[in-house]
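Novice: Quick one: the structure is below, and I'll ask about it shortly.
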Amino acid sequence: MEQCLQVEGPASHRVYQRNGEGTADISYTLLLQGATSGEIMQRLERSTEQTPWLSAGTITGSNVLRGIIGDVPTGEWTIHFRIVGEADTGFASETTVGPIFVGDLWLLAGQSNMEGCGYLADLEEPLNGVSCFYLGDRWDIAADPLTWLKESV
């Protein structure tokens, strides 16, 4: 039976607020389909480094696995997950999610002056590392216009 591994959370472009030590805990939820046995492994990767593969847990018949990757340093990361079968079969399924950011999270709030739907001429190009949680209940790279009231849940 083929094993399938899907990341339900976190979403790409999500930002986690760093703490006083410059790290954050990243929680995740994995959906497992067709997985009968094996171990879930995870690791972090960014342009300058990779962490070693670490066990995130063993498949126990449940189709949902939740966990936390603790003390993730400030920066842009990709999270890799694998289902590892028996030693001689290697890994059965692999998936990634990213970019995920650890840094400063800014909350902008207000009334009509914070709507973000000004003149749409001479727009700045989106910047990698600047994310937005849109009204449609999703994380993505911040690109003008930031607000579409009709997509609000």
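Novice: Take the residues of segment 111-143 that are on the phi > 0 side of the Ramachandran plot and open to solvent by less than 80 Å² (accessible area, probe 1.4 Å): which is farthest from the chain's Cα centre (by Cα)?
Specialist: Gly116
Novice: Oh, and also: Could you tell me whether Leu146 is closer than 26 Å to Ala24 by Cβ, over 15 Å from the mean Cα position of the chain (by Cα) and modelled with pLDDT under 85?
Specialist: In short, yes.
Novice: Select from segment 92-141 the residues that are of a type in the set (Phe, Trp, Tyr) and under 24 Å from Thr74 (Cα atoms) and write down the one among them that is modelled with the highest pLDDT.
Specialist: Only one residue tops the list, namely Phe101.
Novice: Continuing with the same structure: Looking at Gln3, is it at pLDDT below 95, more than 28 Å from Leu127 (Cα to Cα), open to solvent by 60 Å² or more (accessible area, probe 1.4 Å) and not small (Gly, Ala, Ser)?
Specialist: Criteria not met by Gln3.
Novice: Picking from Gly98, Gly61, Gly70, which residue would you name as being out of contact with any helix residue (DSSP H, G or I) (no Cβ under 8 Å at 6 or more places or on another chain) and more than 16 Å from Val15 (Cα to Cα)?
Specialist: Answer to the selection: Gly61.
Novice: I need the full set of residues from segment 71-91 which are at pLDDT below 95, open to solvent by 40 Å² or more (accessible area, probe 1.4 Å) and in contact with an Asp or Glu (Cβ under 8 Å, 6 or more places away or on another chain), in order please.
Specialist: Arg82, Val84
Novice: Here is a follow-up. Take the residues of segment 58-68 that are in contact with a Leu (Cβ under 7 Å, 6 or more places away or on another chain) and over 17 Å from Asp25 (Cα atoms): which is surrounded by the fewest Cβ atoms within 10 Å (Cβ to Cβ)?
Specialist: Val64
Novice: Could you run through segment 27-42 and say how many residues are surrounded by 17 or more Cβ atoms within 10 Å (Cβ to Cβ) and either in contact with a Cys (Cβ under 8 Å, 6 or more places away or on another chain) or at pLDDT 85 or above (or both)?
Specialist: Summing the residues that are surrounded by 17 or more Cβ atoms within 10 Å (Cβ to Cβ) and either in contact with a Cys (Cβ under 8 Å, 6 or more places away or on another chain) or at pLDDT 85 or above (or both) in segment 27-42 gives 7.
Novice: Just to check your reading of the model, which residue among Thr23, Thr48 is closer than 24 Å to Trp139 by Cβ, open to solvent by less than 40 Å² (accessible area, probe 1.4 Å) and either without any contact (Cβ under 8 Å) to a residue 40 or more places away in the chain or touching a Pro at 6+ places or on another chain (Cβ under 6 Å) (or both)?
Specialist: None of the others qualify; the one that does is Thr23.
Novice: Checking the structure you have, find out if any residue of segment 40-47 is of a type in the set (Ser, Thr, Tyr) and within 20 Å of Asn128 (Cα to Cα).
Specialist: Scanning segment 40-47 turns up at least one residue that is of a type in the set (Ser, Thr, Tyr) and within 20 Å of Asn128 (Cα to Cα).
The values are calculated or read from the model by the stated rules, or taken from the named source; none is laboratory data. Bear in mind that the values here come from a model prediction, so they are computed numbers and not experimental data. Every residue, glycine among them, receives a Cβ derived from its backbone with ideal geometry; neighbour counts consider all protein chains shown. Only protein heavy atoms, including side chains, enter the accessible area calculation; ligands, DNA and RNA are left aside. Shrake-Rupley method; radii C 1.70, N 1.55, O 1.52, S 1.80 Å.
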